[in-house]
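K.L.:
There's a structure below that I have some questions on.
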Ligand SMILES: [Zn+2]
């Protein structure tokens with residue numbers, strides 16, 4: 001790496017500081033991952049062993065180091081301490097170092113370290129409880145808008161967004177894409193796929209990375225998801241017998257399924273509202289850039305037609321889905337409406353970790369890769 005070659009003493013000090021700061025932040029992430037799902041306060045009481053309830057002394061609570069010294073066991077009752085604790089602390093330290101190397105001495109380093117800590121909480125909570133914490137996603141959205149504002153006033157501080165509206169565009173597109181995919185899956189296959197947690201997560205990524213970040217994160221997430229999917233499929237094909245048994249089981253479940261459309265009306269409303277908002281933004285973009293004449297007229301018209309067409313299609317799907325939901329609701333008793341809600345949860349696919357990794361990678365190199373790609377295209 002060329003950047004390490006001309007490192008000054010100050011750079012090394014900040015590098016070490018980033019690692020230490022990251023590990024302490026990781027320790028805080030651990031508290032959040034453990035306490036958010038059970039609805040406990042993250043401030044008080046202080047850390048204590050979940051088994052013997054003894055408070056954990058400061059010298060047993062040093063990130064990474066204490067777990068190694070204690071050999072992963074409680075000092076008092078010898079109950080095992082999960083490997084997840086030092087793992088999260090080390091990961092957080094490592095990612096803070098990477099962010100420092102990428103953004104150096106800018107406001108962006110501070111901002112994106114916090115963003116990254118949020119993503120770590122999302123990944124580990126989603127993996128362990130299949131839920132995505134609202135404490136991160138719902139707080140992250142207004143925070144992203146605020147950071148967009150910061151980027152407007154401090155344009156040379158490495159912040160990815162240059163204004164609050166870029167953050168709002170990202171929130172709207174993030175919500176629209178996941179809800180739209182879900183509505184299409186429901187209308188075609190009659191079973192829901194994603195959870196609402198993913199909707200809020202992609203919106204939060206959009207709040208920090210803009211609408212381009214939403215698309216970039218999705219592309220990276222799908223790529224990683226399909227690779228891991230292939231590995232899992234390869235693993236199962238080695239145990240074909242087991243797979244066939246499971247398929248048989250799934251068939252039994254499918255045959256019991258009722259033939260209704262489990263449309264979530266909130267998704268239809270979200271797609272409609274964000275679709276209309278983004279359509280207005282695209283028209284505004286078109287008018288503004290026609291006056292500026294930076295982009296050639298045909299390309300500008302092409303972008304507007306493709307984007308606008310996609311949004312009109314989304315609005316159309318939202319209206320159809322809402323109509324289907326209304327029709328279904330009229331023909332059903334209250335009991336079977338409850339059944340629909342249960343089936344919504346049972347088909348949930350955890351996409352949060354992939355999205356978070358996609359968002360992190362896009363944060364580091366996304367805009368540079370896109371602009372390189374566009375340069376190649378124009379040559
Ligand atoms: Zn204990």
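K.L.:
For segment 34-63, how many residues meet the condition of being within 13 Å of the ligand (Cβ to nearest atom) and at positive phi?
P.N.:
Residues that pass the stated criteria total 1.
K.L.:
Still on this structure, please answer the following. Based on this model, can you work out whether residue 213 counts as assigned to a helix (DSSP H, G or I) and either modelled with pLDDT under 60 or surrounded by 10 or more Cβ atoms within 10 Å (Cβ to Cβ) (or both)? Let's see the steps before the verdict.
P.N.:
On the way: assigned to a helix (DSSP H, G or I): yes; either modelled with pLDDT under 60 or surrounded by 10 or more Cβ atoms within 10 Å (Cβ to Cβ) (or both): yes.
The answer is yes for residue 213.
K.L.:
Looking at 27, 66, which is the one that is within 16 Å of the ligand (Cβ to nearest atom), buried (at least 16 other Cβ atoms within 10 Å of the Cβ) and outside any loop (DSSP other than H, G, I, E, B)?
P.N.:
Being within 16 Å of the ligand (Cβ to nearest atom), buried (at least 16 other Cβ atoms within 10 Å of the Cβ) and outside any loop (DSSP other than H, G, I, E, B) holds for just one of 27, 66, which is 66.
K.L.:
Still on this model: Can you find even one residue in segment 75-85 that is out of contact with any strand residue (DSSP E or B) (no Cβ under 9 Å at 6 or more places or on another chain) and away from the ligand (no atom under 16 Å from the Cβ)?
P.N.:
Initially, segment 75-85 is screened for residues out of contact with any strand residue (DSSP E or B) (no Cβ under 9 Å at 6 or more places or on another chain), giving 75-78, 82-85.
Right, trim to away from the ligand (no atom under 16 Å from the Cβ) and you get 83-84.
Scanning segment 75-85 turns up at least one residue that is out of contact with any strand residue (DSSP E or B) (no Cβ under 9 Å at 6 or more places or on another chain) and away from the ligand (no atom under 16 Å from the Cβ).
K.L.:
So which residues in segment 266-280 are within 12 Å of residue 308 (Cβ to Cβ) and in contact (Cβ under 8 Å) with a residue 60 or more places away in the chain, if there are any at all? Don't jump to the end; show me each part of the working.
P.N.:
Going residue by residue through segment 266-280, those that are within 12 Å of residue 308 (Cβ to Cβ) are 275-276, 278-280.
Those that are within 12 Å of residue 308 (Cβ to Cβ) and in contact (Cβ under 8 Å) with a residue 60 or more places away in the chain: 275, 278.
K.L.:
OK, next. Looking at (1) without any contact (Cβ under 8 Å) to a residue 24 or more places away in the chain; (2) within 27 Å of residue 123 (Cα to Cα); (3) assigned to a helix (DSSP H, G or I), can you tell me which one residue 41 breaks?
P.N.:
Among (1) without any contact (Cβ under 8 Å) to a residue 24 or more places away in the chain; (2) within 27 Å of residue 123 (Cα to Cα); (3) assigned to a helix (DSSP H, G or I), the lone unmet condition for residue 41 is (3).
K.L.:
Something else now. I'm trying to understand the selection: among the residues of segment 177-196, which are under 30 Å from residue 161 (Cα atoms) and either under 9 Å from the mean Cα position of the chain (by Cα) or outside any helix (DSSP H, G or I) (or both)?
P.N.:
The answer is 194, 195.
The values are calculated or read from the model by the stated rules, or taken from the named source; none is laboratory data. The structure presented is a predicted model; accordingly, all values stated were derived computationally and were not measured. All Cβ positions, glycine included, derive from the backbone under ideal geometry; neighbour counts span all protein chains shown.
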